[in-house]
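The values are calculated or read from the model by the stated rules, or taken from the named source; none is laboratory data. Keep in mind the model is a prediction, meaning the values are calculated, not measured. So basically every Cβ, Gly included, is an ideal-geometry build from the backbone, and we count neighbours across all protein chains shown.
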Amino acid sequence: MQESVLALENISKTFPGVKALQGVQLTLRAGEVHALLGENGAGKSTLVKVMTGAMRKDEGTGRMCFDGKDRDFTSPSEAQKAGISTVYQEVNLLPNLSVAQNLFLGHEPKRFALIQHSRMQQQARELLKQFKLDIDVTAPLNQFSVAVQQLIAIARGVAMKAKVLVLDEPTASLDKDEVETLFGVMEQLKSEGVAIVFISHFLDQVYRISDRITVLRNGQFIGEYITAELPRPKLIEAMLGKELQAMHGQHQPGCADSVDAPALFKMDKVCVKNSIENMDILVPKGQAIGMAGLLGSGRTEVCRAIFGVDSVASGQMQLADAPLKPQSPAEAIKAGVALCPEDRKTDGIIGPLSIRENIALALQARLGWWRYLSKAKQQALADKYIEELQIATPDAEKPIGQLSGGNQQKVILARWLATQPQLLVLDEPTRGIDIGAHAEILNLIKRLCHDGMSLLVTSSELEELVAFANKVVVLRDRRKVSELSGEDMTPQHIMQAIAEA
Amino acid sequence: MKLSTILATGITLSCLSVNALALTIGFAQVGSESGWRTSFSESVKAEAKKRGIDLKFSDAQQKQENQIKAVRSFIAQGVDAIIIAPVVETGWKPVLREAKRARIPVVIVDRNIQVGDDSLFVTRIASDFSEEGRKAAQWLMDTTQGNCKIVELQGTVGATAAIDRAQGFNDVIGKYPNANIVRSQTGEFTRTKGKEVMESILKAENGGKGVCALWAHNDEMALGGIQAIKEAGLKPGSDILVVSVDGVPDYFKAMADGDANATVELSPHLGGPAFDVIEKYLGGDKNIPKLISTTGDLFTQDTAAAEYQKRRLQ
Amino acid sequence: MSQQPQSLSIVNKVDSPADEALIAARKARYSPGKSTNALGRYLWPVSALVLLLLVNLFMDASFFSISYQDGRLYGSLIDILNRSAPVALLAIGMSVVIATGGIDLSVGAVMAIAGAVCAGMLVGGNYSLFTVICAGLTVGIVAGLVNGGLVSFLGIQPIVATLLLMVAGRGVAQLINQGQIVTFQSDAFAFIGIGAFLGLPFPVWLVLITLLLSQLLLRRTALGLFIEAVGCNASASRYLGINDKGVKLFVYGLTGFCAAIAGMIATADIQGADGNNTGLWLELDAILAVVIGGAALSGGRFSLVLSVVGALIIQTLSTTIILSGLPAKFNLLIKASVVLIVLLLQSDVFRQHAQSVLKGLKGGKA
Ligand SMILES: Nc1ncnc2c1ncn2[C@@H]1O[C@H](COP(=O)(O)OP(=O)(O)OP(=O)(O)O)[C@@H](O)[C@H]1O
Ligand SMILES: [Mg+2]
């Protein structure tokens, strides 16, 4: 057995109303990838934050041993100096600074106390080459998609040359290829003796890269396993406390797959400046259409155009036989469209407001300021979705910013379900959602279109798309390249369509 | 160099003697932010007219940049002399140097300036604030035979007018053992603050019983104080005497109505002395003190009604 | 609105006793109702106010005495209520502007403009009281909407946009009355500033009414929620379909309205309009009141009541200083120190540090 670089014992952390961690342990050995798994709200991110000094554990509990010494970090920078580099779940870079500045913030290459900008940019380019990213490193960070930002955050973590690298859901917004690139980098680091903590809800990835697994449930330590010796059903049982099959219970009816379903939404040769070109998409009533494509292929841009975030330069859109020309999200919502946006942190959650308010807001905005949903009604709405989507929280008054990542995603989803749209556009709806809830959300989508709603869903997970979609539209370079349905709609075919030059 | 100076002076002088009536004087005024300022401007204009001086008047709207611009344009026009009523004390050196180079005498009126070099201006004409304080105190001591518990409303903390008026006032009452200031707070020279502070002071002084006089550093605060006294159920002017400095029309009205007792006028008539000095200087008499003080007269209820009529019409 | 679908319930299916146990285990970790402490926000501002009042009691026992005289209550406490009225009104408006992440530096100048307009009309013409008041309010609202338009539609930084009116506004106020301090004789208008109703000074009633109406307008409709949403995350609010520009326009309009009332109170109080001094620096007091009330300048949650408490704290402090008889040169020093202490007490970080330092001291002794 290799020696441990980092050992946590009996760690507890309590927030008002929540016992986030209760006597948890974690042991990291040099040169291993250690997966940290558990449901949404199990306490993974909290453990990472306590370990790296972003939060203090409850006083008088637990012990942390790093590099042979007892340590208790009081700030992330202290942990970083000691040799623990962390990429937190919510990318916390500075959106207005350039990519290069973000990569080297706090440890810029200097000569005579002056930052050497050209050297910094050179180093930034080389660093990003490892991740196969060829972007303008002098451009401000907020110009790039969530996925690119995520990669930049990871690159920053890697650049610190630490003994321990912590990655909290690094692959949540990445495509297959980027995941592979990341794994390449991780394997390289591993061979150099770096211990890596890897958090993810994708079990395939966990089995592909990790050596060991620690499972948390309800803030408690369930067990530490060697990946190769743990069959998948056992892992799932450890995480959920029961088998996944048992949760499916009855079978959900699928989306009506009739060819002659009337069209609810039509996009006809739509172009957006500096964005999508000649886009044709048709969403029949009561069906779910999937959208696949690589990073930057135009998926998010299609969603934004439908929702009136970006204005359409040419071409037409139609919703329920009426032309749809939204100049703002407010107009799109009035027409009966809802969009669950890709970037949860900046476009989704309203951090300091409660779960109740976050859920009620979309419906309230649609009703207008005058027709106020009473607190009791908001409460009922929130309670209903907390129950149905199993949002892990003590009550509806908790600020959404204090929820775990996956639970925030559920709240955002709930807010749009509450508006009862005709067309529901979901941009990566299952990002960061655990496997139990994941299956349930797919069922929910089927259920919704069975009840007559139309959906347009973007996802990087092809297996997920084919599981519910009536048809999958494949995008490449901001154009539609193919449409697959029926027999042809398999992950392999979609991959082919994406890859074809 | 020297020769040309003499020559130039000679030419100016000869021009003067030939055509003394055509004296052109530039006046850079602060603006018209208060009633007093307006009377000041009016008085200068009237005085110039009387003396047949061609007055170039500039209103800077409380901005020093505007004043400096005005002075530069006076220099460019080649006026005979310049009067500046400065907005602020600092930042005058460069433009005064320009005036000196053009050999145009400069007279500062009202507020002070800091240039470090006395030769840049002829003299400063200003009211003597401590003399105002002394006059007010003397009137009060005479009226009360030196027996008085006084409440003081100070001007803005740190303002020269506030410091000097307090100084002069205290100098006088210091000689009377039975007169003393029992409460002193700043009313920031405004009516609102004066009223608010007086209101609280009256409460702290047992509803104002035993307070014999209100001494305010300006009329605005005194007017606020008068309202507070009235609202506290006392009679200003008799239960509590009111004395202050400035002589604004509203205060004359208050005196005429019997609500106030005395004020030392802050003389707005600075034009006369300024023109006197300039004429003397241009006439060749260079022996002029660097500070010329003026103090207005003390007015009481006796003449208040007449004065009010006079001032209201202005 | 179409009705909600009958059931989306797909997850929590209790199929077996084992499932029940699982759900129970999950719930055991949470204690409902404990995640936020709604009353906690009130703790520090209110205790600061109480403390200040107690200091006064200690200095002079007659501080709390209130008598009834000529149909009105009379006493230092009443003075504090009365004198805090202008800042309290400004703070009500400022709270909502700050909640959207903005700031309004022009409220003091707007007070002066509204006061000048009313005084000018009272002196210069034969207008009914109603017309005069409406004109004052209209001027305030228009000034606020100008600010709001600059901020929301032209996208100018709030601090810059309102600085324009802060500087220019005083000039406008002076222009209205040719640079003179205008005094008027109108008992009806003066009532706004010095009248009393049911024993309480009329300005206090104006604050109460404005507070009540604003509270109804903001909390019995969705406006308050929209304001907080825009302030917390403007981009997410846009995705929610909230008209963030309209919200911003509204808050500046409301602030202008409040400033106009404050301006009329100040003008009526001295029965004169002084373009230079009416409301001078009060914008800073109003911002301070909001901050003392516990709001963040970056926007988000707001509480009108707490902002009014903030205004009361500031006024109590001023009155305390006057009553204490300390030399005037210490005014600012005392004010700054007390405000600093109140703000520090509100800061979680500071309290934690203080606690650990105290513990360390105790530990050292033991
Ligand atoms: N700052 C906070 N204040 C209050 N409660 C918090 C805070 N941060 C986390 N929590 C609570 O602690 C619990 C654990 O959250 P954590 O973020 O660790 O979950 P997670 O395992 O990372 O979940 P996910 O997979 O969704 O990211 C949750 O119930 C969450 O609501
Ligand atoms: Mg997490």
What number of residues within the stretch C:159-179 satisfy the criterion of being surrounded by fewer than 19 Cβ atoms within 10 Å (Cβ to Cβ) and polar (S, T, N, Q)?
1
Please tell me if A:Glu59 is among the charged types (D, E, K, R), within 14 Å of another protein chain (Cβ to nearest Cβ) and more than 16 Å from ligand 2 (Cβ to nearest atom).
yes
Given the condition farther than 28 Å from A:Leu203 by Cβ, of a type in the set (A, V, I, L, M) and more than 16 Å from ligand 2 (Cβ to nearest atom), answer yes or no: does some residue in the stretch A:68-84 qualify?
yes
Does the stretch A:457-467 contain any residue that is more than 11 Å from ligand 1 (Cβ to nearest atom), surrounded by fewer than 23 Cβ atoms within 10 Å (Cβ to Cβ) and either among the basic types (Lys, Arg) or not assigned by TED's automatic domain parsing to the domain that holds A:Ile281 (or both)?
no
Sole exception among (1) within 18 Å of the chain's Cα centre (by Cα); (2) under 23 Å from A:Ala292 (Cα atoms) for A:Ala153, by number
(2)
Can you find a residue that is of a type in the set (Ser, Thr, Tyr), in contact with a helix residue (DSSP H, G or I) (Cβ under 8 Å, 6 or more places away or on another chain) and either outside the structural domain of B:Asn112 (by TED's automatic domain parsing) or at pLDDT 90 or above (or both) anywhere in the stretch B:4-13?
no
Checked the stretch A:395-408 for anything under 21 Å from C:Ile23 (Cβ atoms) and within 8 Å of ligand 1 (Cβ to nearest atom); matches are A:Lys398, A:Leu403, A:Ser404, A:Gly406, A:Asn407
Suppose we keep only residues that are touching a Phe, Trp or Tyr at 6+ places or on another chain (Cβ under 6 Å) and assigned to a strand (DSSP E or B) within the stretch A:338-364. Which one would you say is nearest to the other protein chains (Cβ to nearest Cβ)?
A:Leu339
Among (1) within 16 Å of ligand 1 (Cβ to nearest atom); (2) away from every other protein chain (no Cβ under 14 Å), where does A:Cys65 come up short?
(1)
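From the list A:Ala20, A:Ala54, which residue is of a type outside the set (Phe, Trp, Tyr), within 16 Å of ligand 2 (Cβ to nearest atom), assigned by TED's automatic domain parsing to the domain that holds A:Glu187 and under 27 Å from A:Gly241 (Cβ atoms)? Let's see the steps before the verdict.
Values: A:Ala54 fails: under 27 Å from A:Gly241 (Cβ atoms).
Of A:Ala20, A:Ala54, the one residue that is of a type outside the set (Phe, Trp, Tyr), within 16 Å of ligand 2 (Cβ to nearest atom), assigned by TED's automatic domain parsing to the domain that holds A:Glu187 and under 27 Å from A:Gly241 (Cβ atoms) is A:Ala20.
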Can you list residue pairs whose Cβ atoms sit under 6 Å apart, with the first residue in the stretch A:383-406 being within 14 Å of C:Tyr30 (Cβ to Cβ) and the second being of a type outside the set (A, V, I, L, M, F, W, C) and away from ligand 1 (no atom under 11 Å from the Cβ)? Count only pairs 6 or more apart in sequence or on different chains.
A:Pro394/C:Ser31; A:Pro394/C:Pro32; A:Asp395/C:Pro32; A:Asp395/C:Gly33; A:Ala396/A:Arg356; A:Glu397/A:Ser354
For the condition more than 30 Å from A:Leu94 (Cα to Cα) and within 13 Å of another protein chain (Cβ to nearest Cβ), what is the one hit in A:Ala313, A:Ala322, A:Ala392, A:Ala335?
A:Ala335
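Quick check on the stretch B:286-300. Is at least one of its residues over 23 Å from the mean Cα position of the chain (by Cα) and buried (at least 17 other Cβ atoms within 10 Å of the Cβ)?
Taking the stretch B:286-300 and keeping what is over 23 Å from the mean Cα position of the chain (by Cα), we get B:286-287.
Filter again for buried (at least 17 other Cβ atoms within 10 Å of the Cβ), leaving none.
No, the stretch B:286-300 contains no residue that is over 23 Å from the mean Cα position of the chain (by Cα) and buried (at least 17 other Cβ atoms within 10 Å of the Cβ).
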Taking A:Gln22 and the conditions (1) more than 14 Å from chain C (Cβ to nearest Cβ); (2) more than 9 Å from ligand 1 (Cβ to nearest atom), which numbered condition does it fall short on, given that it satisfies the others?
(1)
If we take the stretch A:365-464, then helices (runs of 4 or more DSSP H) inside it with 3 or more residues that are within 16 Å of ligand 2 (Cβ to nearest atom) are A:405-417, A:435-450
Among the residues that make up the stretch A:144-158, is at least one of them farther than 30 Å from A:Gln408 by Cα and either within 16 Å of ligand 2 (Cβ to nearest atom) or among the acidic types (Asp, Glu) (or both)?
no
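Results for (1) at pLDDT below 90; (2) within 28 Å of A:Leu47 (Cβ to Cβ); (3) under 26 Å from the mean Cα position of the chain (by Cα), shown as yes or no for each residue.
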residue: A:Asp72; (1), (2), (3): yes, yes, no
residue: A:Val87; (1), (2), (3): no, yes, yes
residue: A:Arg111; (1), (2), (3): yes, no, no
residue: A:Ile115; (1), (2), (3): yes, no, no
If B:Thr294 satisfies all but one of (1) within 14 Å of another protein chain (Cβ to nearest Cβ); (2) hydroxyl-bearing (Ser, Thr, Tyr); (3) out of contact with any Lys or Arg (no Cβ under 6 Å at 6 or more places or on another chain), what's the number of the condition it fails?
(1)
Scan the stretch A:200-244 for residues that are more than 16 Å from ligand 2 (Cβ to nearest atom) and assigned to a helix (DSSP H, G or I) and report the count.
17
Find the residue count for the stretch C:192-251, including only residues that are assigned to a helix (DSSP H, G or I), more than 14 Å from chain A (Cβ to nearest Cβ) and not hydroxyl-bearing (Ser, Thr, Tyr).
14
Out of (1) within 7 Å of chain C (Cβ to nearest Cβ); (2) more than 27 Å from C:Lys245 (Cβ to Cβ); (3) crowded, with 22+ Cβ neighbours inside 10 Å, the odd one out for A:Arg299 is which?
(1)
Failed criterion for A:Leu381 (all others in (1) facing chain C (nearest Cβ under 9 Å); (2) within 15 Å of ligand 1 (Cβ to nearest atom) hold)
(2)
Counting residues that are of a type outside the set (Phe, Trp, Tyr), within 27 Å of the chain's Cα centre (by Cα) and within 14 Å of chain C (Cβ to nearest Cβ), which strands (runs of 3 or more DSSP E) fully inside the stretch B:133-230 reach at least 3?
B:148-154, B:179-186
Among residues of the stretch A:207-246 being β-branched (Val, Ile, Thr) and within 13 Å of ligand 1 (Cβ to nearest atom), the residue nearest to the other protein chains (Cβ to nearest Cβ) is A:Ile222
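So, A:Val48, is that one among the β-branched types (Val, Ile, Thr), away from chain C (no Cβ under 14 Å), part of a loop (DSSP other than H, G, I, E, B) and within 16 Å of ligand 1 (Cβ to nearest atom) or not? Give the steps one after another, and end with the answer.
Values: among the β-branched types (Val, Ile, Thr): yes; away from chain C (no Cβ under 14 Å): yes; part of a loop (DSSP other than H, G, I, E, B): no; within 16 Å of ligand 1 (Cβ to nearest atom): yes.
Considered against the rule, which asks whether it is among the β-branched types (Val, Ile, Thr), away from chain C (no Cβ under 14 Å), part of a loop (DSSP other than H, G, I, E, B) and within 16 Å of ligand 1 (Cβ to nearest atom), A:Val48 comes out as no.
Answer yes if at least one residue in the stretch A:430-445 is more than 11 Å from every other protein chain (Cβ to nearest Cβ) and at pLDDT 90 or above, and no otherwise. Don't jump to the end; show me each part of the working.
Step one: filter the stretch A:430-445 for residues more than 11 Å from every other protein chain (Cβ to nearest Cβ), giving A:430-435, A:438.
If we keep only those that are at pLDDT 90 or above too, we end up with none.
Checked against the condition, which is being more than 11 Å from every other protein chain (Cβ to nearest Cβ) and at pLDDT 90 or above, the stretch A:430-445 yields no hits at all.
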